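Structure first, then comments.
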Amino acid sequence: MKHPLLETIQSPADLRRLSRLELKQLASELRDFVLHSVAQTGGHLSSNLGTVELTIALHYVFHTPKDRLVWDVGHQTYPHKILTGRRDRMSTLKQMGGISGFPRRDESEYDTFGTAHSSTSISAALGMAVAARQKGEDRKAVAIIGDGAMSAGMAFEALNNGGVSHADMLVVLNDNDMSISPPVGALNRHLARLMSGKFYATARDTAKTVLKNAPPLFELAKRFEEHAKGMVVPGTIFEEFGFNYVGPIDGHDLDSLIPTLENLRDLKGPQFLHVVTKKGYGYKLAEADPVAYHGPGKFDPAKGLVKSSGPAKVSFTQVFGDWLCDMAAVDERLVGITPAMREGSAPGDFCLAIT
C-alpha cells in the first residue's frame with residue numbers, strides 16, 4: 001500500500017490542515033505504515049495499531065509542541081513519532097544510532113517527557129500545567145495513560161493532587177481491555193459531546209454557584225449529578241478526585257474523538273477523558289492474538305507470525321520463570337510479584353501454577 005497522504009506530513013502542523021475526511025484516510029495509511037515498518041524492524045505492534053486515531057486526534061486538536069503531550073506507555077508512541085518528523089527514520093527503530101522505541105526528550109521537541117511504562121505521565125503533566133499557570137503561559141498539558149499503568153499508586157497520587165490544584169490539564173485513559181458494543185457506543189458519543197460541551201459545563205457551574213448558598217440542596221445536586229453520570233459511565237471515582245469525567249468513547253472514531261477533545265481543550269480545570277481502543281486494531285491477526293503481536297520480531301504481514309522449525313531460543317525471562325517455579329516447588333512460602341503484566345514479566349507459568 002502506498003502512503004501519498006502520510007508522505008506529506010512532516011509535522012503536526014501539516015496534519016492540522018487536513019479535512020476530517022482526509023484524516024480518516026491518513027489513519028488508514030498510518031496504520032499500514034506502522035504494520036509494515038514494525039514487520040521489518042521488530043518492535044511493539046498491537047499497542048501501536050490501537051493508538052492510531054487517538055494520536056491523530058491529539059495532534060490535530062492540540063498545538064504541539066507548544067501544548068504538551070505526555071505519553072505514559074512509551075511503546076504506544078510509534079504513530080506519534082511518525083507524525084512528528086521521524087517517519088523516514090523508523091527503519092532504524094531500536095538499532096544502534098537509530099531512534100528509540102520510547103519517547104526521548106533529546107530525540108524530538110515533541111517528546112516532552114522520557115518514559116517507558118512507569119505511571120508517571122499524570123504527575124509530569126500536572127507539573128507542566130502548574131508551571132504554565134505560574135508563568136502565565138497559555139498552553140495545555142495532556143497525559144495519555146493506560147495499558148495497566150493506572151494500577152500504580154503514583155498515578156492515583158497524581159490524580160489526588162491534580163484535583164485540588166485546579167490545574168488546566170487533561171488525562172486521557174486509553175482503555176484497551178474492553179470494547180464498546182454499537183448501541184452503547186452511539187449513546188456514549190452523544191453523552192461525551194454533551195458532557196464535554198460548554199452548555200453542560202456552564203449550567204453545572206452556574207447551578208453550583210447558586211446552590212452553594214443552600215448547602216443541603218448543593219450536596220443533593222452534587223450527588224444527583226454523580227449518580228446520573230454513574231448510570232451510564234463508570235466515572236464517579238475520577239469525579240471524586242476532582243476531575244470532570246467524560247466517556248467512555250470509541251477511541252477509533254475520529255468523528256467522536258475530535259469534537260470531544262476540542263470541547264475538553266477549552267474547559268478550565270482538570271479534565272478526564274476515557275477512550276476505549278482495541279489492541280491490534282485494523283490487523284486481524286493482531287486483533288485475534290494481541291499478546292503474541294505485542295512485541296514481535298521481523299515477520300511477513302501477509303503470513304503473520306510463523307513458528308520456527310528449529311528449536312526456539314530461550315530468553316532470560318523464560319529462564320527466570322522456570323527458576324521461580326523450581327524454587328516454589330521446594331518452598332511454598334515463595335511469592336512472585338509482577339509489574340501488572342504477567343505475560344511480559346516471565347512468571348506466567350508460576351502464576352498459573354498457583355491459581
Hey, Ile122 part of a helix (DSSP H, G or I) and within 15 Å of the chain's Cα centre (by Cα) or not: yes
Verdict on Gly114 being of a type in the set (Gly, Ala, Ser) and either loosely packed, with under 14 Cβ neighbours inside 10 Å or touching a Lys or Arg at 6+ places or on another chain (Cβ under 6 Å) (or both): yes
Any hit, segment 38-54, residues being in a helix (DSSP H, G or I), β-branched (Val, Ile, Thr) and modelled with pLDDT under 95: yes
Top-ranked residue of segment 2-37 - restricted to ones that are at pLDDT 95 or above and of a type in the set (Lys, Arg), ranked as farthest from the chain's Cα centre (by Cα): Arg17
Selected residue (criterion: modelled with the lowest pLDDT) from residues of segment 107-125 that are of a type outside the set (Ser, Thr, Tyr) and in contact with a strand residue (DSSP E or B) (Cβ under 6 Å, 6 or more places away or on another chain): His117
Any hit, segment 118-135, residues being within 17 Å of Leu15 (Cβ to Cβ) and buried (at least 22 other Cβ atoms within 10 Å of the Cβ): no
Selection status of Arg20, touching a residue at least 60 places away in the same chain (Cβ under 8 Å), surrounded by fewer than 22 Cβ atoms within 10 Å (Cβ to Cβ) and not assigned by TED's automatic domain parsing to the domain that holds Gly251: yes
Restricting segment 55-76 to residues that are touching a Pro at 6+ places or on another chain (Cβ under 8 Å), in contact (Cβ under 8 Å) with a residue 60 or more places away in the chain and part of a helix (DSSP H, G or I), the residue that is surrounded by the most Cβ atoms within 10 Å (Cβ to Cβ): Ile56
Number of the exception - Trp323 against (1) at pLDDT 80 or above; (2) under 31 Å from the mean Cα position of the chain (by Cα); (3) among the aromatic types (Phe, Trp, Tyr): (2)
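The values are calculated or read from the model by the stated rules, or taken from the named source; none is laboratory data. Note that the structure is a prediction, hence the values are computed from the model and not measured. Here Cβ is always computed from backbone atoms with ideal geometry, including for glycine, and neighbour counts include all displayed protein chains.
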